[in-house]
Amino acid sequence: MYINQERLFTFKKTSVIAVMAAAMMIFSACGSPAKPAANGNAGTPAAGSEQSQSEGAAPAGIAGQLTFYTSQPEEDAAQLVQAFNKKYPDVKVETFRSGTEEVTAKIQAEKQAGSVQADVLLLADAVTFEGLKQEDLLLSYKSPEAEHIADELVDPDGMYTGTKVIATILAANTDKVPALPTSWQALASADSKDAAIMPSPLYSGAAAYNIGVFSRTEGFGWDYLQVLKDNNISVIKGNGAVLKAVASGEKSYGMVVDYMVVREKAKGSPIDLSYPSEGVPIITEPIAIMKGTDNQEAAQAFVDFVLSEEGQKLSVEIGYTPIREGVAPPEGLKGIADIKILSGDLNTLTQEREADKKKFTELFGN
């Protein structure tokens, strides 16, 4: 139904791959007392008190090609790669960018063809990575930088690690809405009939995660989604399209990821966000290394860089809430310790994702 209009890149690898195969996303904890908790309150060395890999010189000899698949906005991915290459100039990074659901479909197609091309993945949510883990497509790597991230946000087997905190919130066009809504029920009210918009779980990993959470949260469920359908909420391809519709005034309300709204507001657009009182779903955009990578050393260096203090400060500069303890979120966004989180059982969300998308399609017709 959806046509990928994102920029595609051609990939070439030198050998055939050997093994094919939730915010959120709460993982089972390992329980190290030295690490921060997800609420950011547990004792952890302050940022910078331990030597980060990003603070020293890059290890010699890391070079070659690295293929990076991501759902990040293209300009954000480009900034990340550019910063990585300042430290590792001998690593050539080729990037493929699309929505999480389309990236995972590409991986499945490559798997069927006998050769997954990606070396490193950075996609929306832990549910996506849990599915890839169950297919034995990921390589275990426990980055030393993960010591600065709450155990709940790191896969205990080292298959994937959260890189940032992204909440789905309520956005409103401030020229059309007199006061910011404080409850998700605003989307079900008569005032928002024909005036609200949300991303499709068939394209957006965050949206797919949100549907899994809302449909299993007391007070919401599929009944809530039915009410949104009856209120004629629009469903569009991704979060970027939702943002555009609300910022332009085409729609008054939007269900959208938080960082995009803050960026757009900073540009002067009549848009603002609220974190509804019931709580918000969050995702952590985990990063992982594919099991069949041809350049494991460079892949590990890339993961370490993203999780390092330097990489996390870059995330803040781009506009994301960092996941690493001791790095403050950008102005306008809440840190994880200040967010009331709606979540679901990771295993259930993983097992039921395709069924959830099918039911959503039956309900909304797209």
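Just so it is clear, none of the values below were taken in a lab; they were calculated from the coordinates. The shown structure was predicted, so the numbers you read here are calculated from the model rather than taken from an experiment. Cβ: placed from backbone, ideal geometry, glycine included. Neighbour counts: every protein chain shown.
Below, the figures for the structure above:
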item: Candidate aspartates and glutamates for bridging to residue 87, where Cα separation is under 18 Å - those fewer than 8 sequence places away on the same chain excluded; result: 55, 76, 145, 297, 304, 309, 310, 317
item: Cβ-Cβ FRET estimate between residue 113 and residue 278, R0 fixed at 56 Å, reported to 0.05; result: 0.80
item: Qualifying trypsin sites (Lys or Arg not before Pro) for region 169-244 [loop in DSSP, other Cβ within 10 Å: at most 16]; result: 176, 193
item: Segment residue 85-residue 354, extension gain: residue separation times 0.36 nm, minus the distance between their alpha carbons; result: 93.1 nm
item: Integer Hz, Karplus 6.51/-1.76/1.60 couplings in order for region 206-215, x for Gly and Pro; result: 4, 5, 5, 4, 4, 4, x, 6, 4, 5
item: Label-point separation in nm, residue 176 to residue 92, each point 7 Å along Cα→Cβ; result: 4.7 nm
item: Nonlocal amide H pairs with residue 170, under 5 Å, H built at 1.01 Å; result: 274
item: Label-point separation, residue 363 to residue 189 (7 Å along Cα→Cβ), nm; result: 2.1 nm
item: Residues of type lysines that residue 359 reaches as a straight line, Cα spacing below 29 Å, ignoring anything fewer than 8 places off in the same chain; result: 106, 111, 133, 193, 229, 237, 244, 251, 340
item: Contour minus Cα-Cα distance for residue 74 and residue 297 (0.36 nm per residue); result: 77.8 nm
item: Point-to-point label distance, residue 105-residue 338, nm (Cα→Cβ direction, 7 Å offset); result: 3.8 nm
item: Qualifying GluC sites (Glu not before Pro) for region 263-366 [loop in DSSP, other Cβ within 10 Å: at most 16]; result: 278, 331
item: Extension gain, residue 347 back to residue 227 (0.36 nm per residue minus Cα-Cα distance, nm); result: 40.5 nm
item: Residues whose placed amide H lies under 5 Å from that of residue 96, excluding near-sequence neighbours; result: 68, 69, 70
